[in-house]
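This report refers to the structure that appears directly beneath it.
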Amino acid sequence: MEDDKDLEHNNPPVLGKWKNFYWLLIIVLVSLIGIFYAITQYFA
Amino acid sequence: MSALDWTVLFGTLLLIVGYGVYKTKGSKNIESYLKGDNSMKWWTIGLSIMATQASAITFLSTPGQAYNSGMGFIQFYFGLPIAMIILSIWVLPIYYKLKVYTAYEYLESRFDLKTRILGAFLFLIQRGLAAGITIYAPAIILSSILGWPLVYTTVIIGSLVIIYTVSGGTKAVSQTQKHQMIVMMGGMIVAGLFVVKLLPEDIGIVEATKIAGHLGKLELINTEVDLENRYTLWTGLLGGLFVALSYFGTDQSQVARYLSGKSLTESRLGLMFNGLLKIPMQFVILFIGALVFVFYQFNQAPVFFNEAAKDEVYLDVDQKEKYQAIEQQYSDLFEEKRRQVQLLSTAEGEEIEGLKERIAVIHDQEEQLRDEAKAIIKATNQDLETTDTDYVFITFVMDNLPKGIIGLLLAVIFSAAMSSTASELNALASTSIIDIYKRNINKNGSDKHYLIASKLFTLFWGLVAVFFATFAGLLDNLIQAVNILGSIFYGTILGIFLTGFFIKYIKGNAVFVGAVVAQIVVLYFYFFSEMAYLWFNVLGCGLVIFSGLIIQYVKNSKTKSD
């Protein structure tokens, strides 16, 4: 179990060099939507 | 099916179940049985969350959806990563701080006992019925494909799940899901490689993608603002966010997965893992469906993908003749279409448009023939299903993949059915024991007593699910009925939780009355209006918050004036 300090501070999860996983997720989501949009437009 | 397929199928299933039972035997207390001793690492949590969501229908239906309507369904998942972030930041710390077993325990600490029981009760009704469908939906398709009676496939899936879920509890569910998820992902990638291998020699993955794209199967993003279109960028981002928040934040079958984490960080990473991989995974499954579509541009597809329906038509001599005539015309059209598609694979510039138009004309003719075939099927037997989307992928697998791989793909479908059912049974048992039995009926039992009761509740819900799945075929449009049932209750549950998390002003009595009012209004709309059922989620949630605010305001004003 995490101690109360961590629970209150809402620290983002850290994995390797990714200090803030939330931003990684947003960047991946935006990139995927961008790639999918490009594919759609290419065949339109 | 060959002996090798049977060996691969049952070998895979028994290995996963056997290993799960062996690794997790001997839960000594309820904490260990329902929360897995809080020992799960992030990758186990992440795989377990994904395996819970991926039911057999995901693997049967999704490729068929890409085959028929293209890959636009991917947009439905765009809200999911955002939901994972919101849950990680605001919701997980609350559950961890309160050290809850179930999501509904939170409702008592935030509001009161009656709101907790209401939340738990709504979940038990909805999920209890859905567990039957999670088994029934693949069982009916597998029984049709394998030619087995429905009861066999239902009992195989149900009894294997009951064995390890009763025996090892949450830990067994997560352990087996890790392996089931590996089988599911591995199996689908193998299937994808085989589709490419089965294409004509001069058609590689690049040409196949080009054909799928030119024939409208790679329309991934729709930016139109169209309320009637279910899959657009906006419904995906907003509606998908809404659905993911309620499913991952308040549904005990998912909440239990991340509450078994070793620490808050492990649970958060598990959710992030799901947020990162879900869209790529769905993309791969949909893309396999698009490749299967390309495969059937070069190989004759059946007029109707559910062979069992055709077999029934063939029993009637008159209908058989009509059906065969359609099959012949369909076959003639196919030869012409194949020539055009072959040209399209190497076409450049303006040539492409002309070929696309010619193929579209042939496609329309094919669809007309398919409609005529469906009319014959309906005329033969009113009860026969005339939607064959769920049969496209499994028919491709059974007819075209080599020995051994068929067994592996069937193991994928059985694993998917078992993994989501296991989470449901585990969650139903947790909620029954923690929120109902231990809190209201027997407060002073020993740890051993609650452990045995938890196992009995898991067994009970397993038997309910198998029983419901066995007799589910007697009801019409059952899957839709359960979806409607889910939508009727989901909005109210989410409304209660969102009020708890974000609107401190509203207290217990106000939210309870608000939830009851919301549920009555949603039921009214269900019985007396034409509203599309997906909107019940929004309506129920909005009404709980809105009426809760009004009731609290009136109550506060009254207290002040007194």
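The values are calculated or read from the model by the stated rules, or taken from the named source; none is laboratory data. This is a predicted model, so every value here is computed, not measured. Cβ: placed from backbone, ideal geometry, glycine included. Neighbour counts: every protein chain shown.
Figures for the structure shown
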{"read-out": "Residue within the range B:335-350 that is on the phi > 0 side of the Ramachandran plot, more than 37 Å from the chain's Cα centre (by Cα) and either without any contact (Cβ under 8 Å) to a residue 40 or more places away in the chain or surrounded by fewer than 17 Cβ atoms within 10 Å (Cβ to Cβ) (or both) present", "value": "yes"}
{"read-out": "Some residue of the range B:389-403 being under 30 Å from A:Tyr42 (Cα atoms) and among the aliphatic types (A, V, I, L, M)", "value": "yes"}
{"read-out": "Candidate set: the range B:17-32, residues that are among the β-branched types (Val, Ile, Thr) and under 17 Å from B:His179 (Cα atoms); chosen: the one surrounded by the fewest Cβ atoms within 10 Å (Cβ to Cβ)", "value": "B:Val21"}
{"read-out": "Residues of the range B:213-231 satisfying the condition of being among the β-branched types (Val, Ile, Thr) and within 12 Å of chain A (Cβ to nearest Cβ)", "value": "B:Ile221, B:Thr223"}
{"read-out": "Selection count, the range B:1-10, where residues are assigned to a helix (DSSP H, G or I), touching a residue at least 24 places away in the same chain (Cβ under 8 Å) and small (Gly, Ala, Ser)", "value": "0"}
{"read-out": "Number of the condition not met by B:Lys97 [criteria: (1) over 21 Å from B:Phe248 (Cα atoms); (2) charged (D, E, K, R); (3) within 14 Å of chain A (Cβ to nearest Cβ)]", "value": "(1)"}
{"read-out": "Qualifying residue in the range A:2-11 (condition: modelled with pLDDT of 75 or more, within 25 Å of B:Leu277 (Cα to Cα), at the interface with chain B (Cβ under 7 Å from one of its Cβ atoms) and surrounded by 11 or more Cβ atoms within 10 Å (Cβ to Cβ))", "value": "no"}
{"read-out": "Filtered residues of the range B:522-536 (kept if modelled with pLDDT of 80 or more and under 18 Å from B:Val243 (Cα atoms))", "value": "B:Val522, B:Phe536"}
{"read-out": "Qualifying positions in the range B:148-166 - over 20 Å from B:Gly11 (Cα atoms) and touching a residue at least 12 places away in the same chain (Cβ under 8 Å)", "value": "B:Leu150, B:Val151, B:Val166"}
{"read-out": "Count of residues meeting criterion [in a helix (DSSP H, G or I) and farther than 21 Å from B:Thr58 by Cα] in the range B:374-416", "value": "7"}
{"read-out": "Residue match in the range B:308-327 (condition: assigned to a helix (DSSP H, G or I), of a type in the set (Ser, Thr, Tyr) and free of Cβ contacts under 8 Å to residues at least 12 places away in the same chain)", "value": "yes"}
{"read-out": "Residue within the range B:255-263 that is at the interface with chain A (Cβ under 9 Å from one of its Cβ atoms) and assigned to a helix (DSSP H, G or I) present", "value": "no"}
{"read-out": "Complete set of residues in the range B:423-463 that are among the hydrophobic types (A, V, I, L, M, F, W, C) and under 19 Å from B:Gly486 (Cβ atoms)", "value": "B:Leu425, B:Ala427, B:Leu428, B:Trp461"}
{"read-out": "Hits in the range B:278-307 (condition: more than 22 Å from B:Ile211 (Cβ to Cβ) and within 10 Å of chain A (Cβ to nearest Cβ))", "value": "B:Ile279, B:Pro280"}
{"read-out": "Qualifying residue in the range B:198-212 (condition: within 14 Å of chain A (Cβ to nearest Cβ), touching a helix residue (DSSP H, G or I) at 6+ places or on another chain (Cβ under 9 Å) and among the basic types (Lys, Arg))", "value": "yes"}
{"read-out": "Pick from the range B:476-521, criterion among the aromatic types (Phe, Trp, Tyr) and touching a Gly at 6+ places or on another chain (Cβ under 8 Å), ranking: modelled with the highest pLDDT", "value": "B:Phe497"}
{"read-out": "Any pair with Cβ under 8 angstrom, 6 or more apart, that starts in the range B:259-282 at a residue that is of a type in the set (Gly, Ala, Ser) and ends at one that is outside any helix (DSSP H, G or I) and surrounded by 22 or more Cβ atoms within 10 Å (Cβ to Cβ)", "value": "B:Ser260/B:Met40; B:Gly261/B:Met40; B:Ser267/B:Gly261; B:Gly270/B:Met40; B:Gly270/B:Gly261"}
{"read-out": "Hits in the range B:525-549 - residues which are within 22 Å of the chain's Cα centre (by Cα), surrounded by fewer than 20 Cβ atoms within 10 Å (Cβ to Cβ) and assigned to a helix (DSSP H, G or I)", "value": "B:Trp535, B:Val538"}
{"read-out": "Candidates B:Asn29, B:Asn68, B:Asn38 - the one that is under 30 Å from B:Phe396 (Cα atoms) and touching a residue at least 12 places away in the same chain (Cβ under 8 Å)", "value": "B:Asn68"}
{"read-out": "Set B:Lys197, B:Lys210: member being more than 17 Å from the chain's Cα centre (by Cα) and touching a residue at least 24 places away in the same chain (Cβ under 8 Å)", "value": "B:Lys210"}
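Matching residues to (1) touching a Ser or Thr at 6+ places or on another chain (Cβ under 6 Å); (2) outside any helix (DSSP H, G or I); (3) surrounded by fewer than 24 Cβ atoms within 10 Å (Cβ to Cβ); (4) not assigned by TED's automatic domain parsing to the domain that holds B:Tyr437:
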residue: B:Gly36; (1), (2), (3), (4): yes, no, no, no
residue: B:Ala51; (1), (2), (3), (4): yes, no, no, no
residue: B:Pro63; (1), (2), (3), (4): no, no, no, no
residue: B:Gln75; (1), (2), (3), (4): no, no, no, no
residue: B:Ile82; (1), (2), (3), (4): no, no, yes, no
residue: B:Leu92; (1), (2), (3), (4): yes, no, no, no
